[in-house]
1. So I18 ticks every box in (1) surrounded by fewer than 16 Cβ atoms within 10 Å (Cβ to Cβ); (2) in contact (Cβ under 8 Å) with a residue 12 or more places away in the chain; (3) among the β-branched types (V, I, T) but one. Which box is left unticked?
2. So which residues in the stretch 50-66 are at pLDDT 95 or above, over 11 Å from F4 (Cβ atoms) and of a type in the set (A, V, I, L, M, F, W, C)?
3. Considering only residues that are among the aliphatic types (A, V, I, L, M) and either in contact with a Leu (Cβ under 6 Å, 6 or more places away or on another chain) or surrounded by 14 or more Cβ atoms within 10 Å (Cβ to Cβ) (or both), which ones fall in the stretch 21-37?
4. Those residues that are of a type in the set (V, I, T) and under 9 Å from the mean Cα position of the chain (by Cα), I need them from the stretch 11-32; list them, please.
5. Looking at D35, D8, D51 in this structure, which one is outside any loop (DSSP other than H, G, I, E, B) and over 13 Å from the mean Cα position of the chain (by Cα)?
6. In the stretch 54-64, how many are outside any loop (DSSP other than H, G, I, E, B), exposed (fewer than 15 other Cβ atoms within 10 Å of the Cβ) and either on the phi > 0 side of the Ramachandran plot or touching a residue at least 12 places away in the same chain (Cβ under 8 Å) (or both)?
7. What do you reckon, is L40 assigned to a helix (DSSP H, G or I), surrounded by 12 or more Cβ atoms within 10 Å (Cβ to Cβ) and more than 14 Å from the chain's Cα centre (by Cα)?
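The values are calculated or read from the model by the stated rules, or taken from the named source; none is laboratory data. None of these values were measured; they are calculated from a predicted model. Neighbour counts are summed over all protein chains in view; Cβ atoms, including those assigned to glycine, are modelled from backbone coordinates with ideal geometry.
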Amino acid sequence: MGHFKTIDEKIEEGYGLIFDNDYAGVCDLWLEAWDLIRELLTEGVAKDIFDLNYKYIWTQYPSNYV
């Protein structure tokens, strides 16, 4: 469950950096989130990004920002 929360937090933190015009920071956070998403998919937690949407109560679905 820890990866889910961390992914959600990184995605949201990235959106917050957009308002600061820190686009490199946004990319860094979202790439970190993507690495965690890729781990979950590799481990078979979800079959694809859309399936992952329903595995946790996200602030925003991961598929929205991918």
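1. Just one mismatch for I18, condition (2).
2. Within the stretch 50-66, F50 is the sole residue that qualifies.
3. Across the stretch 21-37, the qualifying residues are V26, L29, A33, L36, I37.
4. Of everything in the stretch 11-32, just one residue is of a type in the set (V, I, T) and under 9 Å from the mean Cα position of the chain (by Cα), namely I11.
5. Checking each option against the conditions leaves just D51.
6. 1
7. No, not satisfied.
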